[in-house]
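Visitor: My structure is below; once you've seen it, I'll send some questions.
The values are calculated or read from the model by the stated rules, or taken from the named source; none is laboratory data. None of the values given here were measured: they were computed from a predicted structure. FYI the Cβ positions are ideal-geometry reconstructions off the backbone, even for glycines, and counts take in every protein chain you see. Accessible surface areas use protein heavy atoms only, side chains included; no ligands, DNA or RNA. Shrake-Rupley method; radii C 1.70, N 1.55, O 1.52, S 1.80 Å.
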Amino acid sequence: MQRAQPEPRTESPTAAASLMQRFGGLWKSKRTNVIECFDCQRKQEVSGAATSTICPSCSAHIDLSDYKITTSFSRSIRTKGEVHVTTKGDLSSSSVRCQRAVIEGRLRGNLDCAGTIVINTSGKILGKLSASEIVVEKRCEVQFFRCVRVSNIEIRGRMSGEVVADGMVTIRKNGVLEGNVTAKAINVEKGGTFSGQVVVGRQALQQTELLPNESPTVSKPTEESISLAPPLPAT
């Protein structure tokens, strides 16, 4: 007599998704992050699963939540988590402070990011941006109306606007930057294009910090000033 073979055990898609969520939550709960208080800059280590904490130094409440903007949103945000503006999102808050941000929709307010801002949209950005790093992705065309202040910026798509960077400005292959730049250094890869005036050096950055609301002026071209006329591809 032939013994019947047991049928293989299968899990429904819902059960598999639930299992993945449990494992994801377990991994996140074991991860820890080091955060800095907005008010007193005291650093502390917190669980990756935490959504808020209290500063042990000044007792200030610190939001650790991630925000996903899917519609029109105008309230202020101050979090050590991520702000994600989706393709249908419209962020018009006058003050947003976060650890990292992804912009795929409209940004009309001010954004201050301690980490990286990824720009993955096209259009006009009316607010003021400041971050440790900004990445303008490929196939994006963005126009900044306010001065962009960063440590480092990487341009893979097309960008127009003024940039002040205390680190490196990098224009990748097929990337385009139109506007004045004040930076410690600038790198235009072969195939990238830059059009505008660039002022390079630490002294130029110090002069810019003295005039936070104005563009740096250069009356005469010097060794630290390079004026570029019509856009030309890098060689």
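Visitor: If only one of 40, 58, 98 is crowded, with 17+ Cβ neighbours inside 10 Å and not aliphatic (A, V, I, L, M), which one is it?
Guide: 98
Visitor: What is the number of the single condition among (1) part of a strand (DSSP E or B); (2) more than 15 Å from the chain's Cα centre (by Cα) that residue 191 does not meet?
Guide: (1)
Visitor: Regarding residue 121, is this residue open to solvent by less than 50 Å² (accessible area, probe 1.4 Å), of a type in the set (S, T, N, Q) and either under 28 Å from residue 138 (Cβ atoms) or assigned to a strand (DSSP E or B) (or both)?
Guide: Against the criterion (open to solvent by less than 50 Å² (accessible area, probe 1.4 Å), of a type in the set (S, T, N, Q) and either under 28 Å from residue 138 (Cβ atoms) or assigned to a strand (DSSP E or B) (or both)), residue 121 qualifies.
Visitor: Just to be sure before I move on: is residue 109 under 25 Å from residue 159 (Cβ atoms), open to solvent by less than 50 Å² (accessible area, probe 1.4 Å) and not in a strand (DSSP E or B) in the structure I sent?
Guide: Judged against the criteria, residue 109 is a match.
Visitor: Of the conditions (1) assigned to a loop (DSSP other than H, G, I, E, B); (2) at pLDDT below 60, residue 226 satisfies every one except a single condition; which number is it?
Guide: If we test residue 226 against (1) assigned to a loop (DSSP other than H, G, I, E, B); (2) at pLDDT below 60, just (1) comes out false.
Visitor: Turning to a different aspect of this structure: Read through the list (1) of a type in the set (Lys, Arg); (2) surrounded by 15 or more Cβ atoms within 10 Å (Cβ to Cβ); (3) touching a Gly at 6+ places or on another chain (Cβ under 8 Å), then give the number of the only condition that residue 80 fails.
Guide: (3)
Visitor: What number of residues within segment 106-127 are over 12 Å from the mean Cα position of the chain (by Cα) and among the small types (Gly, Ala, Ser)?
Guide: Summing the residues that are over 12 Å from the mean Cα position of the chain (by Cα) and among the small types (Gly, Ala, Ser) in segment 106-127 gives 4.
Visitor: Quick one: count up the residues across segment 151-181 that are part of a loop (DSSP other than H, G, I, E, B) and open to solvent by 30 Å² or more (accessible area, probe 1.4 Å).
Guide: Total meeting the criteria: 6.
A quick yes/no check of all residues on (1) in contact (Cβ under 8 Å) with a residue 12 or more places away in the chain; (2) in a loop (DSSP other than H, G, I, E, B); (3) surrounded by 22 or more Cβ atoms within 10 Å (Cβ to Cβ):
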site	(1), (2), (3)
116	yes, no, no
131	yes, no, yes
134	yes, no, yes
146	yes, yes, no
149	yes, no, no
